[in-house]
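Notes follow once the structure below has been shown.
The values are calculated or read from the model by the stated rules, or taken from the named source; none is laboratory data. Since we're looking at a predicted model, the values are computed, not measured. A quick note on method: Cβ atoms are made from the backbone with ideal geometry, for glycine too, and the neighbour counts reach across all protein chains shown. Remember, those area values only see protein heavy atoms, side chains included, never the ligands or the DNA or RNA. Shrake-Rupley method; radii C 1.70, N 1.55, O 1.52, S 1.80 Å.
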Amino acid sequence: QVQLVESGGGLVQAGGSLRLSCAASGSIFSINTMGWYRQAPGKQRDLLAAITSGGGTNYADTVKGRFTTSRDSAKNTVYLKMSSLKPEDTAVYYCNIVLYPVTWGKGTQVTVSS
């Protein structure tokens, strides 16, 4: 069973940067589009960024130009580099397969102070 483990979150001031990582227990990245999601308290989980097996990327308008996703298939890991962070980016961040999600990991908390 595939397991996803997100890491790299923390407390950062507005305007700062963080890099999140998502490691998978199985070799799922080589054939699947992976997505980064976030969920703020009381809100739904939203897809922020996606990266295909070939490295193509797409971003939600809310993070376009500030967030960049990448992948290292040899390490079964995807990354999310977040820059120019805003307080409204505060949320728990998750990764998953976009088309066929597996069990969600615990996510990693990102808190942006003003």
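Below are the figures for this structure:
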item: Selected residue (criterion: farthest from ALA60 (Cα to Cα)) from residues of the stretch 1-18 that are at pLDDT below 90 and open to solvent by 70 Å² or more (accessible area, probe 1.4 Å); result: GLN1
item: Criterion violated by GLU6 - all others in (1) assigned to a loop (DSSP other than H, G, I, E, B); (2) among the charged types (D, E, K, R); (3) touching a residue at least 40 places away in the same chain (Cβ under 8 Å) satisfied; result: (1)
item: Selection status of SER21, open to solvent by 30 Å² or more (accessible area, probe 1.4 Å), farther than 19 Å from LEU99 by Cβ and of a type outside the set (D, E, K, R); result: no
item: Search result, residues across the stretch 11-26 that are of a type outside the set (Val, Ile, Thr) and closer than 19 Å to THR111 by Cβ; result: LEU11, GLN13, ALA14, GLY15, GLY16, SER17, LEU18, ARG19, LEU20, SER21, CYS22
item: GLN109 being part of a loop (DSSP other than H, G, I, E, B), at pLDDT 95 or above and either hydrophobic (A, V, I, L, M, F, W, C) or open to solvent by 20 Å² or more (accessible area, probe 1.4 Å) (or both); result: no
item: Residues that are open to solvent by less than 40 Å² (accessible area, probe 1.4 Å), without any contact (Cβ under 8 Å) to a residue 40 or more places away in the chain and of a type in the set (A, V, I, L, M, F, W, C), drawn from the stretch 57-99; result: ALA60, VAL63, PHE67
item: Within the stretch 42-99, strands (runs of 3 or more DSSP E) holding 1 or more residues that are in contact with a Leu (Cβ under 9 Å, 6 or more places away or on another chain) and closer than 16 Å to GLY16 by Cα; result: 67-72, 77-82
